[in-house]
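A short worksheet on the structure shown next.
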Amino acid sequence: MTYTIIGHYSRIGRLGVGITTYSLAVGGYCPSIRGDLVAVSSRAFANPGLRDVAMRSLDDGHSPAEVLQLIEPQDSHFDYHQVGIVDLDGTGIACTGGGTQPWAGHVIGAGSVPMGDSLSGRAIVQAMTAEFVSYPAMELAD
């Protein structure tokens, strides 16, 4: 069971990424955050190069939706990844490749993108979204 949530915390105008998995040191190769712009994470057979290409594309002014279209041709194994992006406006987008471990998927929530693989079903990512929006006064790390 592995999952990630990328979120924009509107109360304080900050972005964050939370990850849980069995792989070591995922914080060093899955997420990338630019506090003034966006948070990106690749996961499920993560490819750190995708987040770097995504950040450069976002710096060049591309929208999160355009970025997903730009990064797919950069990786011949894109079907094995999940990629999520949330910008400073709280707009989220994600994709889940068909080669990820079942069950795999994501939800585009209000200011968040929870995604995961090797889960028991969609209810996990739906619950992550519900919890994220249910506690607006809570600190982002909590």
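Please treat every number below as a calculation from the coordinates, not as lab data. These numbers come from a predicted model, not from an experiment. FYI the Cβ positions are ideal-geometry reconstructions off the backbone, even for glycines, and counts take in every protein chain you see.
Test Gly121 against the stated conditions and say whether it is surrounded by 13 or more Cβ atoms within 10 Å (Cβ to Cβ), among the small types (Gly, Ala, Ser) and closer than 30 Å to Ser76 by Cα. It is false that Gly121 is surrounded by 13 or more Cβ atoms within 10 Å (Cβ to Cβ), among the small types (Gly, Ala, Ser) and closer than 30 Å to Ser76 by Cα.
Is it true that Val113 is assigned to a strand (DSSP E or B), among the aliphatic types (A, V, I, L, M) and crowded, with 18+ Cβ neighbours inside 10 Å? Yes, satisfied. Here Leu70 fulfils each of the conditions (1) over 19 Å from Ser23 (Cα atoms); (2) touching a helix residue (DSSP H, G or I) at 6+ places or on another chain (Cβ under 8 Å); (3) not in a helix (DSSP H, G or I) apart from (3). Among the residues of the range 18-50, just one is surrounded by 15 or more Cβ atoms within 10 Å (Cβ to Cβ), touching a residue at least 24 places away in the same chain (Cβ under 8 Å) and assigned to a helix (DSSP H, G or I), namely Leu50. The set of residues from the range 90-99 being surrounded by fewer than 22 Cβ atoms within 10 Å (Cβ to Cβ) and in contact with a Gly (Cβ under 9 Å, 6 or more places away or on another chain) comprises Gly90, Thr91, Ile93, Cys95, Thr96.
Of the residues making up the range 84-110, those that are in a loop (DSSP other than H, G, I, E, B), of a type outside the set (S, T, N, Q) and more than 16 Å from Leu15 (Cα to Cα) number 7. With respect to the stated conditions, Pro102 is free of Cβ contacts under 8 Å to residues at least 24 places away in the same chain and either out of contact with any Leu (no Cβ under 7 Å at 6 or more places or on another chain) or surrounded by 13 or more Cβ atoms within 10 Å (Cβ to Cβ) (or both). Looking across the range 120-135, the residues that are closer than 15 Å to Ile5 by Cβ, of a type outside the set (Val, Ile, Thr) and in contact (Cβ under 8 Å) with a residue 24 or more places away in the chain come down to Met128, Phe132.
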